[in-house]
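Below is one structure; the comments refer to it alone.
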Amino acid sequence: MTPAKKSKKSAAMLGVAFDNEDGHVRLTKGKNFVLYGGSEETHAVMQETAVKINEQLDQRGKRLEDVPIGELRDICRDVIESVRGK
């Protein structure tokens, strides 16, 4: 019997918003994320949040697929607070 192949981990963040009333279809893909929908303002907030989460991961030398869930939760909370505080 051959040893089982080790599967490569992958992870991504998905953002979906439903407050669009102008008829535009907004879709943004980036490192570790896909964002769909929302008003111009909401979509911009999702973009900023995803980018800042990736920046925090890079500063810590971690990849999304490897960061422990508790640490990711802390990063997300800090980023969301900083985005809302603007």
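None of Val67, Val25 is open to solvent by 50 Å² or more (accessible area, probe 1.4 Å), out of contact with any Asp or Glu (no Cβ under 8 Å at 6 or more places or on another chain), in a loop (DSSP other than H, G, I, E, B) and not hydroxyl-bearing (Ser, Thr, Tyr) except Val25. Would you check if Ala44 is modelled with pLDDT of 95 or more and either charged (D, E, K, R) or in contact with a strand residue (DSSP E or B) (Cβ under 7 Å, 6 or more places away or on another chain) (or both)? Here the answer is no, as Ala44 does not meet what is asked. Being among the aliphatic types (A, V, I, L, M) and open to solvent by 30 Å² or more (accessible area, probe 1.4 Å) is a property that Val83 lacks. Ala50 passes every criterion in (1) over 20 Å from Ser82 (Cα atoms); (2) out of contact with any helix residue (DSSP H, G or I) (no Cβ under 7 Å at 6 or more places or on another chain) apart from (1).
Scanning region 51-64 for residues that are of a type outside the set (D, E, K, R), closer than 20 Å to Thr28 by Cα and in a helix (DSSP H, G or I) gives Val51, Ile53, Asn54, Gln56, Leu57.
Return the residue satisfying two criteria in turn: it lies in region 1-22 and is assigned to a strand (DSSP E or B) and surrounded by 11 or more Cβ atoms within 10 Å (Cβ to Cβ), and of such residues it is nearest to the chain's Cα centre (by Cα). So the residue we want is Met13.
His43 meets each of the listed conditions (1) open to solvent by 40 Å² or more (accessible area, probe 1.4 Å); (2) part of a helix (DSSP H, G or I); (3) of a type outside the set (S, T, N, Q); (4) in contact with a Leu (Cβ under 7 Å, 6 or more places away or on another chain) apart from (1).
The values are calculated or read from the model by the stated rules, or taken from the named source; none is laboratory data. Computed from a predicted model, the values in this text were never measured in an experiment. Quick reminder, even Gly has a Cβ in these numbers, built from the backbone with ideal geometry, and neighbours come from all protein chains shown. The accessibility values were calculated without ligands, DNA or RNA, using every heavy atom of the protein model including side chains. Shrake-Rupley method; radii C 1.70, N 1.55, O 1.52, S 1.80 Å.
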